[in-house]
Every structure is written in structure tokens, then in C-alpha cells.
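The values are calculated or read from the model by the stated rules, or taken from the named source; none is laboratory data. Since the structure is predicted, the reported quantities are computational estimates derived from the model, not experimental observations. For neighbour counting, all protein chains shown are included, and Cβ atoms are generated from backbone atoms with ideal geometry for every residue, glycine included.
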Amino acid sequence: MTEINQALIKETVSYLKNQGVGAVDFGLILGSGLGELAEEIEGAIRIPYQEIPGFPASTVVGHAGQLVYGNLSGKAVLAMQGRFHYYEGHNMQVVTYPVRIMKALGATSLIVTNAAGGVNLNFEAGDLMAITDHINYMGSNPLIGANLDEFGPRFPDMSQAYDYKYRQLLAQIAQDLKIKLQVGVYMGFSGPSYETPAEIRFVRTVGGDAVGMSTVPEVIVANHSGLRVLGISAITNKAAGMQSELNHEEVVEVTNQLKTKFKALVKQFLAEA
Ligand code: HPA
């Protein structure tokens, strides 16, 4: 296991600066199939993960696996085209390392996106959901271990993990653009198996509206270091037991259908934020 410490963070940051990465306003984590947004970044500098000190290589289909730095809607963004998942076998400190790097490069905000299963009975495949809060059911926490005091406190507050003003702004923009936007609580499972129908009933009982295998670790680390977070889930399917079966191909297909409105929403958010 790579140990995440100040020396490694410094090494990664100076590597990225040497590649031309400058100050960052917004970090952007683009989930399964949503990476296309990074193709609209102007003056883009692209750096494959495998070339970055401290970064592992991403393994999931539909994830290009690179950082893209540049300008999007007038903001300096550092986008992850593909993310690291806990289920790939990375520990949570590795999964969240890019968020540390965003912060170290000066980011004040993070937009985190994912594909998720809809648990709320009002959700349809193809919906977008603003994440209001999350439930960490992944069985671990990225802050376990020595605290990185330079970034934040030992016991960070998670009372407003997803920035209220950002959610208000997103809702306003969705209305302006006539994009249907659901809101709800994201519950993170480790994966990689999809949930069972019994687990999905459990999710609904405890207050989850959508389920997925990412996002929770990154948002914990973002909060630890004081980043304002906007979270968006692409509801790619009804969760287990609410439709006949689940498969990754369907997730990819529905993501393809909804990515146009997803891109429009995020770009306008960046323009107005
Ligand atoms: N469960 C977990 N993760 C997912 C799902 C799901 O139903 N859909 C897309 N990612």
C-alpha cells in the first residue's frame, strides 16, 4: 500500500505543475460514462493516471483514466475522467487521493458525479438526482489512520456534506433548462456485486433514495479539507428487485441517453457558481 503523506502529495503536485496544471477552482469527478464532459474543457492538458506519481491505474470499462485540466464555463477545473473505486481493491486513502491533490492545487469546490440505482419509487431510469446527503454503508472510512492535520480536523463535521447553496443553484438551473431533477440521499455500498432486493428494501427503510459504489469516500475527504461539494447521481436503473435484472451494459446505455442533459446542467452550474 502506498502511504499517503505530505511528501507524496508534494511530489504529485509538483509533477502536475510541471505538466502545466495551474490553479484550480473546481475539482470534477466524472463517474461511469459521464467522462465526456471533460472533452469540452478548453485549453485542455490531459495526464493519464498511470503517469502521475501516487496515482494507481483505473480498471473499469467506460473510464478513460486521466486528469484533464483547463477551463470549463469560465472556471479553472481539474477533472477526473474515471475514478478509483474501493471495489477495485484500492484502499480508501488511494481512492480519495485525487481529492487531496485538488485541494493542494487550490480547489475550493468539488463536483462529484456517479451512476446510481434508483431506490425511491418515484425515480425513473434516466433521471438526474441532486445528492442532499449520504449514508456510508461501505464498511470503511477514508480518514481512518493518522489524521492529515494540514488538511483538516480529526473529527470532521458532516452536517452539511453537500452544500445547500450549490443545491439551490442547481435546482434553479435545472428549472431554467427544463431538466427534471430529483433530490435524495445516496447510500454507498462497496460493490462490486449489485445489491440484493432485500438490501434495497433495507436502503429504502433507512432513508436512502439511490445506491451506488462510489462518491461517499471522496465526499468525506472533501469535507475534511473544507471543500464545498455538489453531488449529482445519474439514475441509470431501478435498483435490484424493482426491475427484472441488473447489468452493467444497461447502466452504460442509459448513461449514454442522459449525458446530454447532464453536461448541460453541469456546464451551466459552473458558469453561475
Ligand atoms: N447499484 C449500485 N451501483 C449502481 C447501480 C445499482 O443499482 N446502478 C449504477 N450503479
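Residue count for region 86-127 under the criterion of being within 14 Å of residue 229 (Cβ to Cβ) and more than 14 Å from the chain's Cα centre (by Cα): the result is 3.
Taking the criterion of being away from the ligand (no atom under 16 Å from the Cβ) and charged (D, E, K, R), the only residue of region 116-133 that qualifies is 133. Based on this model, can you work out whether residue 215 counts as on the phi > 0 side of the Ramachandran plot and surrounded by 20 or more Cβ atoms within 10 Å (Cβ to Cβ)? When the stated conditions are applied, residue 215 passes them. For residue 151, the stated conditions do not hold, so it cannot be described as within 16 Å of the ligand (Cβ to nearest atom) and either touching a residue at least 12 places away in the same chain (Cβ under 8 Å) or at positive phi (or both). With respect to the conditions (1) farther than 17 Å from residue 218 by Cβ; (2) touching a residue at least 40 places away in the same chain (Cβ under 8 Å); (3) out of contact with any helix residue (DSSP H, G or I) (no Cβ under 8 Å at 6 or more places or on another chain), residue 35 falls short on a single one, namely (1).
Of all residues in region 191-204, none satisfies being at pLDDT 95 or above and either more than 24 Å from residue 139 (Cα to Cα) or away from the ligand (no atom under 16 Å from the Cβ) (or both). Tallying residues that are of a type in the set (S, T, N, Q), outside any loop (DSSP other than H, G, I, E, B) and in contact with an Asp or Glu (Cβ under 7 Å, 6 or more places away or on another chain) within region 5-61 yields 1.
Please find, among 113, 96, the residue that is at pLDDT 95 or above, within 16 Å of the ligand (Cβ to nearest atom) and farther than 20 Å from residue 204 by Cβ. Full working, then the answer.
Details: 96 fails: within 16 Å of the ligand (Cβ to nearest atom).
Residue meeting the stated conditions: 113.
In region 221-244, the residue that is farthest from the ligand (Cβ to nearest atom) out of those that are in a helix (DSSP H, G or I) and crowded, with 24+ Cβ neighbours inside 10 Å is 224. Going by what's in this entry, would residue 83 be described as touching a Leu at 6+ places or on another chain (Cβ under 9 Å), crowded, with 20+ Cβ neighbours inside 10 Å and assigned to a loop (DSSP other than H, G, I, E, B)? Criteria met by residue 83. For residues in region 252-273 being within 16 Å of the chain's Cα centre (by Cα) and of a type in the set (A, V, I, L, M, F, W, C), which is farthest from the ligand (Cβ to nearest atom)? Of everything passing the filter in region 252-273, 270 is farthest from the ligand (Cβ to nearest atom).
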